[in-house]
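I have placed the structure first, in the form of structure tokens, so that the comments after it can refer back to it.
Computed from the coordinates by the stated procedures, all read-outs in this text should not be read as laboratory data. Given the structure is predicted, the values throughout are model-derived calculations rather than measurements. FYI the Cβ positions are ideal-geometry reconstructions off the backbone, even for glycines, and counts take in every protein chain you see.
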Amino acid sequence: MHVNGERAYKKYFKNENFELAPREVKIEELTLMQWDQFKGIIEIKIKCSAGTYIRAIARDLGKILNSEGCLLQLKRISACGFDEQNSIKISDIEKEKKNATTFIVPTISALNHISTFVLNKEEINFWQTGRAIKVDMYFFKESKAFDYKKPIKLIDKRKTLLGIGFLNKEQTILNPKLVLNAK
């Protein structure tokens, strides 16, 4: 997190006074994994939205427990469509130099965490020429999982990735951010 263009923790270590603006995040899961009362160490597993400041959660848990809280260790096991279970070691790639392409993940699989919008033939032509697309608001209101504030991946009926776009504030126009196979 930044304060006036500088990382907050750097300002903290310089003993500068500043206030972090609260930000809305989503904590989907918070599980107590281990608790060592003698060492004062709690191990938790958190499933949360992007932008969640885990150090702030540690600090706040410390306050709730009438103590201080800080991170001893942080391990990210899933982010942006990638998961620790699907990860590989660099040494495995080095062993398989001739077959290194077997480790390549299709781009579309790395985007499973963002909403999807399927374009029809006419819309594909608009999209591939870098033009905005007028969208039906009904689609977005009906899809509870759809997050209109975040990037949207665009595909065709065959599930070919066409690019990434963003909705305008009125949620009526889909603007291209990244167009694949542009004309």
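Can you pick out the pairs among 134/183; 26/159; 45/153; 134/157; 121/169; 11/150 whose Cα atoms lie more than 23 Å from each other? Could you put the intermediate results ahead of the total?
Numbers: 134/183 19 Å; 26/159 29 Å; 45/153 29 Å; 134/157 18 Å; 121/169 25 Å; 11/150 30 Å.
Exceeds cut-off: 26/159; 45/153; 121/169; 11/150.
Of the GluC sites (Glu not before Pro) found in the stretch 50-106, those in coil by DSSP whose Cβ has at most 14 other Cβ atoms within 10 Å are 68, 96.
Taking amide H as placed 1.01 Å from N in the peptide plane, residue 3 has its amide H under 5 Å from the amide H of 8, each at least 5 places away in sequence or on another chain. Of the labelled figures (i) 50, 42, 26; (ii) 49, 35, 30; (iii) 64, 49, 33, only one reflects Cα extents along the principal axes in Å as derived from the coordinates, namely (iii). Measuring r between the beta carbons of residue 27 and residue 125 and using R0 = 41 Å, the FRET efficiency lands at 0.45.
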